[in-house]
Amino acid sequence: MTHDPTLPLLVALGGLLLSPASEFLIARILPRLGGLPALKIRITTAAVTALLFGLLAWRFGFSPELPAFLLLALLGAQLARIDFTLHLLPNPLVLLLLTGSLVLLAPAAAFTPDWPGLFRALAGGAILFSGYLILGLFSPGSIGMGDVKLAAPLGMYLGYLGWEQVLYGGLLGFVVGGVLTVLMLRLRRKEMPAETAHGPAMIAAAIGVVLVLQ
């Protein structure tokens, strides 16, 4: 954890710039998503990304793990936006997050060194994926296959930090999802769907645990 505000501020600025750049690339690579989102959504996503970048820089400081978790914030914000608006977690983005987490966490583990952390990351991804897969098979109406696939990279990030993070991150996702469902039901308008996407809750819970639980 760093007490110098310079790094978090600079990293937050980077997040503010990377968010619209990533949206442009996603719109070009995945045109089936409907192109760029509305300006209000783009501004909100950029603000959230910048905030997460700053908080993660404050949490990890100038460390080998920071780039990996910044990728989680960048792609996590985009996946949450897409899932919230379209009820879809695109496979290419989930796969990019999965491979990116492994590519960035492996050298971080080697530099630290923290090989047990890398083992926990792989095991955490497998455990969370398996748990969501079982839930998805038994309750397909509440857990989609996109959520199942997203559980793998989120489990890797949580597992890298510890088994406690995997436990709380997995459980908290359902708590956040329940709260969001209640809020959406209360605020719902006729044109809004009755169901709520679970991906944003999973991402929010995972990043929240990363930031709070040390």
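In table form, for the structure just shown:
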item: Options Pro64, Pro37: the member that is at pLDDT 95 or above and not in a helix (DSSP H, G or I); result: Pro64
item: Members of the range 175-191 that are within 21 Å of Ala77 (Cβ to Cβ) and either modelled with pLDDT of 95 or more or out of contact with any helix residue (DSSP H, G or I) (no Cβ under 7 Å at 6 or more places or on another chain) (or both); result: Val175, Val179, Thr181, Leu183, Met184
item: Residues satisfying the stated conditions in the range 91-121, i.e. free of Cβ contacts under 8 Å to residues at least 24 places away in the same chain and of a type in the set (S, T, N, Q); result: Thr99
item: Candidates Phe119, Phe111, filtered to the one that is over 19 Å from the mean Cα position of the chain (by Cα), modelled with pLDDT of 95 or more and hydrophobic (A, V, I, L, M, F, W, C); result: Phe119
item: Test: Phe62 is of a type in the set (Phe, Trp, Tyr) and either over 23 Å from Tyr157 (Cα atoms) or surrounded by fewer than 17 Cβ atoms within 10 Å (Cβ to Cβ) (or both); result: yes
item: Lone unmet requirement of (1) in a loop (DSSP other than H, G, I, E, B); (2) at pLDDT below 95 for Arg32; result: (1)
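Yes/no matrix, rows are residues, columns are (1) crowded, with 20+ Cβ neighbours inside 10 Å; (2) more than 25 Å from Phe60 (Cα to Cα):
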residue	(1), (2)
Gln78	yes, no
Phe84	no, yes
His87	no, yes
Thr99	no, no
Leu102	no, no
Ala110	no, no
Asp114	no, no
Arg120	yes, no
Ser130	no, yes
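The values are calculated or read from the model by the stated rules, or taken from the named source; none is laboratory data. What you see is a predicted model, and the numbers here were worked out from it, not measured in a lab. So basically every Cβ, Gly included, is an ideal-geometry build from the backbone, and we count neighbours across all protein chains shown.
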